[in-house]
Amino acid sequence: MLTDNLEILRRALERERKAKQIAEDIIETRLRQLYDDNISLSENITTQVEFQKNLIDNLVDGLMVFDFKMNIIKINKEALKLLGTTKNKAPTNLNQFKPIYREKLLEIISSHEITKGKHKAQFIFNFINRKRQLKYVNIKTSLLFTEKKKPYAYQVIIRDVTKEHLIDLELKEQQQVLHIESIILKDLLASNDLFHNGKSLVNHIANYLNTDDCVFYAMIEDQLIQVAATDEKLNKDKSIKKALKIEIGEGVVGNVALSKKGIIVKDTRKNKDYIIDDKARLSEITVPIILDGKLIGIIDAEHLEINYFKKRHLAILTRIGNLI
């Protein structure tokens, strides 16, 4: 059902994208006319220019025009909205953008091919705007020319593709999760060996989470014992380096065993229960494996980056725990 709804929304976004393309196709011509007409205004031309200004200001895509010194000589309402700012606080030069964004934009806008007018550049760009909103945008850049074919500015059209990009990410995530679940189930059905299955499990989960640290603890005689781990924690013979034995209620793993509820530790430096294993890492995610209400094991993974694990990771690992 979720996949069907996502597909319906995706088709609707595709129709919206095509409608926006119609508006975009006339912008370059309008901008050139606006530039040329501003050179010698007459009463008749003033009306036309005002119409063109209104058209640009109300364009459904963001529009920015930079001169060759990277001053912003035109910015419309939609661009201001995407940047999370107002006309009074609008940037006036590319240097007012954060360095990470400024360098990327400058690289694209002033690329050799565009400078020579050979083609337009198009790319997906993501950023956090001034309202702390994550935005994914499609950016198209090109040179603007006068009627005498003289270049006078860079045009940047910014299309908000956040919705469709997040839908694509969710679809890919679903496919990846289904693939991982099927592999894990296949491995579990193929063998009854605890150590073999544990090793297979941590490798698949580590790949999914893109981490080098994942451990499977088995509940053995009222203790949580590391029985499988990824390469970072293994000796050359694939045995675990100093396999930990943890009591119920001890550390993050022991507390999850006690509560039987998975958790995410955003910053291990601020968690008094965090236990350093082979080396300190800043993020941790831990889920229990429950069978008929009884704890049989724990899946635990860590990552070097702070606040790395998200709620979706917790939900998916919980599903995998239920599969086991």
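Summary table
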{"quantity": "Calculated FRET efficiency for the pair residue 95/residue 280, C-beta based, R₀ 45 Å, to 0.05", "calculated": "0.75"}
{"quantity": "Filtered GluC sites (Glu not before Pro), region 138-226: DSSP coil and at most 15 other beta carbons within 10 Å", "calculated": "147, 221"}
{"quantity": "Surface accessible to a 1.4 Å probe, residue 276 within the full protein complex, Å²", "calculated": "100"}
{"quantity": "Under 22 Å from residue 104, Cα to Cα: lysines that are on another chain or at least 8 residues apart", "calculated": "69, 74, 81, 116, 118, 120, 131, 135, 140"}
{"quantity": "Phi-based couplings in Hz for region 269-276 (Karplus 6.51, -1.76, 1.60; Gly and Pro marked x)", "calculated": "5, 9, 10, 5, 8, 5, 10, 6"}
{"quantity": "Model label zone, residue 132; criterion: amide N under 16 Å from point 7 Å along Cα-to-beta-carbon; scope region 144-188", "calculated": "none"}
{"quantity": "Trypsin sites (Lys or Arg not before Pro) lying in DSSP loop within region 210-255, provided at most 15 other Cβ fall within 10 Å", "calculated": "236, 238, 241, 242"}
{"quantity": "Mean Cα-pair separation over length for region 92-233, i.e. relative contact order, pairs under 8 Å, 6 or more apart, %", "calculated": "12"}
{"quantity": "Estimated distance in nm for a label pair at residue 271 and residue 103, the labels positioned 7 Å out from Cα along Cα-to-Cβ", "calculated": "3.2"}
{"quantity": "Spatially proximal lysines relative to residue 260 (Cα-Cα < 23 Å; intrachain offsets below 8 disregarded)", "calculated": "199, 245, 270, 272, 294, 310, 311"}
{"quantity": "Computed lengthening from residue 87 to residue 146, 0.36 nm per intervening residue step minus Cα-Cα distance", "calculated": "18.5 nm"}
{"quantity": "Solvent-accessible area of residue 259 with every protein chain in place, 1.4 Å probe, in Å² to the nearest 10", "calculated": "60"}
{"quantity": "Accessible area (Å², 1.4 Å probe, nearest 10) - residue 67", "calculated": "40"}
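The values are calculated or read from the model by the stated rules, or taken from the named source; none is laboratory data. This is a predicted model, so every value here is computed, not measured. Every residue, glycine among them, receives a Cβ derived from its backbone with ideal geometry; neighbour counts consider all protein chains shown. Accessible surface areas use protein heavy atoms only, side chains included; no ligands, DNA or RNA. Shrake-Rupley method; radii C 1.70, N 1.55, O 1.52, S 1.80 Å.
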